[in-house]
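As structure tokens, the structure follows; a few thoughts come after it.
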Amino acid sequence: SCCYLSRRLNQLSSHDPLWKRHCKKYWLISEEEKSKRNQSWKAIFISTYSDLGRYIRYYATLKKAWDDLEKYLGQRCPRMIGSLKEGVREEDLDGVEAQIGCKLPDDYRCSFRIHNGQKLVVPGLMGSMALSNHYRSEDLLDIDTAAGGFQQRLGLKQCLPLTFCIHTGLSQYMALESVEGRNKYEIFYQCPDQMARNPSAIDMFITGTSYLEWFTSYVNKVVTGGYPIIRDQIFRYVHDKECVATTGDITVSVSTSFLPELSSVHPPHYFFTYRIRIEMSKDALPEKACQLDSRYWRITNAKGDVDEVQGPGVVGEFPIISPGRVYEYASCTTFSTTSGYMEGYYTFHCLYYKDKFFNVTIPRFHMVCPTFKVSTARKETNHNEYAVDEEEDSTDTDEYEDRRRVLDIPAPSGRCPRHT
């Protein structure tokens with residue numbers, strides 16, 4: 001616009017270094033890419049803006065997140081990179097909006113211009129979780145599959161699935177409108193109310209307030225090592241740096257995760273898994289080698305109720321720890337409150353001095369349920385209408401059966417043992 005006012009402003013508006021700054025800031029165009037295009041910075045900016053201009057507020061942030069994720073996974077689990085799909089065109093996104101009758105947020109559209117989600121494969125880009133008889137791996141859905149799962153039924157009106165697990169049927173949804181007590185563009189795991197006769201009574205475990213915040217915060221956790229890579233998969237365990245305790249030459253550290261697919265708000269049942277790492281210093285003397293005999297847990301919920309558990313080994317094993325060796329295992333627990341903590345100790349015996357026993361401290365680690373919203377249908381229903389079915393499981397409800405039929409997936413697996 002300035003170039004039409006005067007000759008001098010016309011000259012200034014064509015000054016290439018000004019456009020170079022904008023190209024790098026908004027479109028992340030490198031010198032190398034510029035040389036390949038053989039165009040001026042101004043021409044590159046204008047041509048890119050004509051295609052992606054509506055996303056100028058989001059593009060650089062999302063492009064950097066995708067680039068960082070691809071670089072990180074390319075070094076650690078490259079087969080996951082092969083499942084990513086190329087970005088879609090504007091007309092494809094417009095077509096989806098026409099199909100579902102709702103507008104997609106610009107940050108969501110921008111991300112899918114870069115990558116159109118991934119193929120329905122295992123492992124999923126959005127993280128995995130594995131226990132003895134339960135496995136979850138979430139794929140980032142491509143735009144067409146997401147549109148096919150768009151919901152208009154009571155309890156999930158105008159909600160678009162973002163992720164999907166082919167083993168459990170679990171999805172994270174984004175609300176495209178502010179209906180049924182949800183905020184527009186809020187992202188959540190659905191949680192059917194097991195005590196309400198009304199099938200539309202669906203609570204929410206909230207995972208994000210916008211697509212940009214949801215996706216970039218997840219990527220940041222991955223690329224900074226906040227989520228471990230185990231057997232070529234991203235595991236969504238969170239490690240608190242303070243959850244580490246050293247006894248002699250043995251260090252115990254703990255990471256935890258909340259499992260929404262095995263949890264419910266009503267009745268209150270909050271399911272957590274924890275992963276424990278036991279390591280002996282590589283500088284320890286060989287005669288310090290030892291074997292784990294038993295465990296003791298002290299489990300406290302938010303009300304202060306205490307449960308004590310003691311038993312042989314861990315997950316049915318009696319691991320031997322020697323200098324430099326690491327032993328890891330995963331187990332789980334449930335609370336009737338939204339938070340709680342565990343602590344305890346392992347009892348070992350020395351291999352060289354078999355009559356010598358000692359305890360190793362397990363640091364206190366806290367588990368907290370994410371923010372959730374109670375279904376508006378439950379709030380509006382008389383409490384006398386609730387019915388409790390003791391045989392129902394939080395992953396085996398009519399809501400999940402409906403979704404399995406839509407996306408043609410197998411039934412979820414059962415629960416896992418506790419406090420091992």
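Key figures for this structure:
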quantity	calculated
Inter-site label distance for LYS119 and THR61 at 7 Å from Cα along Cβ, in nm	3.2
Nearest-20 debye value, region 303-378 charge dipole, Cβ charges on Lys, Arg, Asp, Glu	240
VAL368-HIS15 FRET efficiency (beta carbon distance; Förster radius 35 Å; 0.05 resolution)	0.05
Computed over region 132-233, Cα set: Rg, Dmax in Å	14.7, 44
Helix 16-27 axis, angle to the chain major axis (alpha carbon atoms, nearest 10°)	40
Approximate spin-label separation LYS303-ASN183, in nm, with each point projected 7 Å along Cα-to-Cβ	3.1
Cα long-axis angle, helix 59-76 against the chain (0 to 90 degrees, to the nearest 10)	40
Charge dipole (debye, nearest 20) of region 51-106; +1 at Cβ of Lys and Arg, -1 at Cβ of Asp and Glu	380
Whichever lysines have a C-alpha closer than 23 Å to that of LYS63, once near sequence neighbours (fewer than 8 apart) are set aside	LYS20, LYS24, LYS25, LYS34, LYS36, LYS42, LYS71, LYS85, LYS103, LYS119, LYS221
Debye log10 I(q)/I(0) for region 305-361, one point scatterer per Cα, at q = 0.15, 0.24, 0.30 Å⁻¹	-0.61, -1.23, -1.53
Per residue accessible area in Å² of region 1-121, where ligands, DNA and RNA are left out and the probe is 1.4 Å	59
Region 245-329, relative contact order in percent, only Cα pairs under 8 angstrom and at least six apart counted	30
Average Cα contact separation per residue, the chain, under 8 Å, 6 or more apart, as relative contact order %	14
Gained length - SER281 relative to ASP94, 0.36 nm times residue gap less alpha-carbon distance	61.5 nm
Extension gain, VAL223 back to TYR327 (0.36 nm per residue minus Cα-Cα distance, nm)	35.0 nm
Mean residue ellipticity (222 nm) of the chain, computed from DSSP H runs ≥ 4 via -39,500 (n - 2.57), nearest 500	-8000 deg cm²/dmol
Between helix 41-52 and the chain: long-axis angle, C-alpha atoms, 0 to 90°, nearest 10	70
Cα centre as origin, Lys/Arg/Asp/Glu Cβ charges: region 1-102 dipole, Debye	600
Relative contact order (%) - region 38-167, alpha-carbon pairs under 8 angstrom, separation at least six	20
For region 65-181: Kirkwood Rh in Å [reciprocal of mean 1/r, alpha carbons]	15.1
Accessible solvent surface per residue of region 248-293, calculated while the other protein chains remain in place, 1.4 angstrom probe, Å²	33
Per principal axis, descending, Cα span of the chain in whole Å	93, 63, 35
Potential lengthening between SER35 and PHE358 on full extension [0.36 nm per residue; Cα-Cα distance subtracted]	109.6 nm
Percent carbon-and-sulfur accessible area, the chain, ignoring ligands, DNA and RNA, probe 1.4 Å	49
Of GLY313, SER263, ALA330, farthest towards positive along the dipole that unit charges on Lys, Arg, Asp, Glu beta carbons give region 244-347	SER263
Cα convex hull of region 233-279, projected area averaged across orientations, nm²	4.5
Selection from ASN301, ALA146, HIS22 lying farthest towards where the dipole of the chain points positive, charges on Cβ	HIS22
Separation of the GLN152 and ARG79 label points, Cα + 7 Å toward Cβ, nm	4.0
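The values are calculated or read from the model by the stated rules, or taken from the named source; none is laboratory data. Remember, predicted model here, so these are calculated numbers, not experimental data. Virtual Cβ from ideal backbone geometry, glycine too; neighbours counted across all protein chains shown. Areas reflect the complete protein model, heavy atoms only, side chains present, ligands, DNA and RNA absent. Shrake-Rupley method; radii C 1.70, N 1.55, O 1.52, S 1.80 Å.
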